[in-house]
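Asker: This structure is in structure tokens; I'll ask about it shortly.
What follows draws every value from the coordinates through simple rules; no lab data is involved. A quick note: this is a predicted structure, and the numbers were derived from the prediction, not measured. Glycine also receives a Cβ, built like all others from the backbone with ideal geometry; neighbour counts cover every protein chain displayed.
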Amino acid sequence: MTMDKGIVNINAVDRVVVVGGGTAGWMTAAAMSRYFNNGRRKVTVVESDAIGTVGVGEATIPPIKNFNAMLDIPENEFLKATRGTFKLGIEFVNWGQQGDRYFHPFGTYGQDLHGIQFHQLFLREAARGTAGSISDYSMSTVAAALGRFGRPAPGAKSLVSQMAYAFHFDAGLYAAYLRKMAEQQGAGRVEGRIVQVHRNGESGDVTSVELESGVIVEGDLFVDCSGFRGLLIEEALETGYEDWSHWLPMDSALAMPTANVGSPPPFTRATAHTAGWQWRIPLQHRTGNGHVFSSAYMQAEEAERILRDHVEGEPLADPRLLRFTTGMRKKAWNHNVISLGLSAGFIEPLESTSIHLIQNGIARLFALFPEKAISPVERDEYNRGMRELYEDVRDFIILHYKATQRGDSEFWRYVRDMDVPESLARKIELWRLHGRIFRENAELFTMPSWTAVMLGQNIWPERYDPIADTLDEQRVASAMAQMREGYRATAQALPSQEEFLRQSGAWYDEKSTVAAMPGGFR
């Protein structure tokens, strides 16, 4: 039935309550308040200043640009406000074997020729000994190695357009930026600690949350962004958690900021150690560092010593210890509660997917936004899609551990020899035979990503795809030589990342005035 604009839909969800702030809570509030503009719907964030947020996830993947664009956030303004830098990919150190280095770039490798995938042509030329390194054919990798960056103009056909990018930023500043935006768009905030969750006696749905002060916040739909605790999704609804630590035994992380020792490079670094790995995330004003490790194979004291021994700058604070269990809720959406961020699950930040999982959950909620009487079919569709995404990310992270030749510690021998999910085992075997990669459903990681990790960690196919032999050898060799030279010359002509940020007005100067208000609210 078509309704006149003046008619109110009594079945509409008009009160959305977001439990918890931080990155997940304020991403949700900023997105919802932007589109709930009919004068009736209300978004309220309930958070307590007394409860800290994890806030160490400072690296992202390219889809974050879509989220910021959806909110009409100017990129240079965002970078300045969050002390952000550009990210062209991740450098992996000591993963295949000790001493190995490889780069997982954003963007593509080379160019397909006559419909034949570039990586198959690379494998063919590598078999002939004429290909060089796969890194020579990535605009992002070549630029990152030189510390350079460029942003193509819309519609540009330069090789720079093959360079995809994401960001590093201060997660706390990003949450504060989004909070300001959300509140100016009409979102409300209630300060206080939740002491009780009230539910409908018949349906089991959550009806309200009660604070220490006695204030009761009612809602039709609740978004749980309360962190690992899962205040609504787990403590109230007892949804259950699926533990993946037998595949990903990391359960601890130490996070420590340090002073920059030079101009920030445009990439994240992940360095493997005895029973885990260390991240390095360069921002404008500091460097984020951390050591993710398995407590079954290493004590926290040793993990801290390794972290301190391998950071490059002066520590700005003592390491902060975080504990977690890798896995996901059995249902991301249960009753009228949707869990986002750490309350929905956790996969270690090796490929910087944490913020993307939040972003995807918000987009999926928008696509399946309910009425008060929630459809089980739509709720199940949300849960199915989120499970697929989490499992895709899980498999890609497991690959980094499984695809190792290291045997220098009990930890590395365990992950090297462990059984993996059938979905991943099938991908590895297809690659081993002829270097074939098939994306399924709306899988997050693309062919270049799988290629980067497989080759970077020394898994070379037994043979390349025979279809590659249909192209003339000399023409392919000439085309690949032109690609290598084109990427090298283009990268050398780009400015350094810091120069680009300063030229763009995206570099934060502490002596200048406070950063601009969020986009659209100057």
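Asker: Where does helix 354-367 land angle-wise versus the long Cα axis of the chain, in degrees 0 to 90, nearest 10?
Answerer: It is inclined by approximately 60 degrees.
Asker: What value, in deg cm²/dmol to 500, does the helix sum -39500 (n - 2.57) over DSSP H runs of n ≥ 4 give at 222 nm once divided by the residues of the chain?
Answerer: -10500 deg cm²/dmol, from helical runs alone.
Asker: Using the Cα centre as the reference, give the magnitude of the dipole from point charges on the C-beta atoms of the chain (Lys, Arg: +1; Asp, Glu: -1; all else neutral), rounded to the nearest 20 debye.
Answerer: With Lys and Arg at +1 and Asp and Glu at -1, about 1140 debye.
Asker: Given the pairs Lys65/Lys180; Lys157/Lys402; Lys331/Lys372; Lys80/Lys372; Lys65/Lys372; Lys180/Lys330, which span a C-alpha to C-alpha distance of over 29 angstrom in this model?
Answerer: Over 29 Å Cα-Cα: Lys157/Lys402; Lys80/Lys372; Lys65/Lys372; Lys180/Lys330.
Asker: Amide H neighbours of Asn334 under 5 Å, counting only residues 5+ apart in sequence or on other chains, H built in-plane at 1.01 Å?
Answerer: The list, which skips near neighbours in sequence, is Ser339.
Asker: Shape of the stretch 72-231 from its Cα gyration tensor (a ≥ b ≥ c, root eigenvalues): rounded if a/c is under 1.5, otherwise prolate when a/b > b/c, or oblate?
Answerer: prolate
Asker: I would also like to ask the following. Which whole-number percent gives the relative contact order of the stretch 252-323, counting Cα pairs below 8 Å spaced six or more residues apart?
Answerer: Dividing the mean separation by the residue count of the stretch 252-323 yields 46 percent.
Asker: Moving on. Could you run the Karplus curve 6.51 cos²θ - 1.76 cosθ + 1.60 with θ = phi - 60° over the stretch 394-401 and give me ³J(HN,Hα) per residue in whole Hz, x for Gly and Pro?
Answerer: Going residue by residue, I get 3, 5, 5, 5, 4, 3, 4, 7 Hz, with x marking Gly and Pro.
Asker: Quick query: amide H of Lys42 versus all other amide H atoms, modeled in the peptide plane; which residues come in under 5 Å with a sequence gap of 5 or more or a different chain?
Answerer: Residues meeting the amide H criterion: Arg15, Val16.
Asker: Something else: Taking every pair of distinct Cα atoms and averaging 1/r, then inverting, what Kirkwood hydrodynamic radius in Å comes out for the stretch 252-323?
Answerer: When all Cα pairs of the stretch 252-323 are included, the Kirkwood radius is 12.2 Å.
Asker: Give me the number: length gained by fully extending Arg193 to Thr446, i.e. 0.36 nm times residue separation minus the C-alpha to C-alpha distance, one decimal in nm.
Answerer: Here the answer is 86.9 nm.
Asker: Which whole-Hz couplings ³J(HN,Hα) result when phi for each residue of the stretch 21-29 is put into the Karplus expression 6.51 cos²θ - 1.76 cosθ + 1.60, θ = phi - 60°, listed in order with x for Gly and Pro?
Answerer: Those phi angles translate into x, x, 4, 5, x, 7, 4, 5, 5 Hz.
Asker: Here is a further query. What whole number of Å gives the distance from the Cα centroid of the stretch 84-114 to the Cα centroid of the stretch 227-254?
Answerer: One Cα centre to the other: 30 Å.
Asker: Among Ala175, Trp507, Ile355, flag the residue with its Cα farthest along the positive direction of the charge dipole of the chain, charges on Cβ as +1 for Lys/Arg and -1 for Asp/Glu.
Answerer: Trp507
Asker: Between rounded, prolate and oblate, where does the stretch 140-297 land on the alpha carbon gyration tensor, with a ≥ b ≥ c its root eigenvalues, rounded for a/c under 1.5, else prolate if a/b exceeds b/c?
Answerer: Prolate.
Asker: Residues with beta-carbon under 15 Å from that of Gly407, excluding Gly407: net charge, scoring Lys, Arg +1 and Asp, Glu -1?
Answerer: Net charge in that neighbourhood comes out at 0.
Asker: Rounded to the nearest 5, what % of the DSSP beta bridges within the chain are antiparallel ones?
Answerer: Within the chain, antiparallel bridges account for around 70 percent of the total.
Asker: With everything on Cα atoms, drop me the angle between helix 473-492 and the longest principal axis of the chain, reported from 0 to 90° to the nearest 10.
Answerer: 60
Asker: Can you work out the Karplus-derived ³J(HN,Hα) for every residue in the stretch 373-384? Use 6.51 cos²θ - 1.76 cosθ + 1.60 with θ = phi - 60°, whole Hz, and x for glycine or proline.
Answerer: My calculation for the stretch 373-384 gives 7, 6, 6, x, 5, 6, 5, 5, 5, 4, 5, 5 Hz in order.
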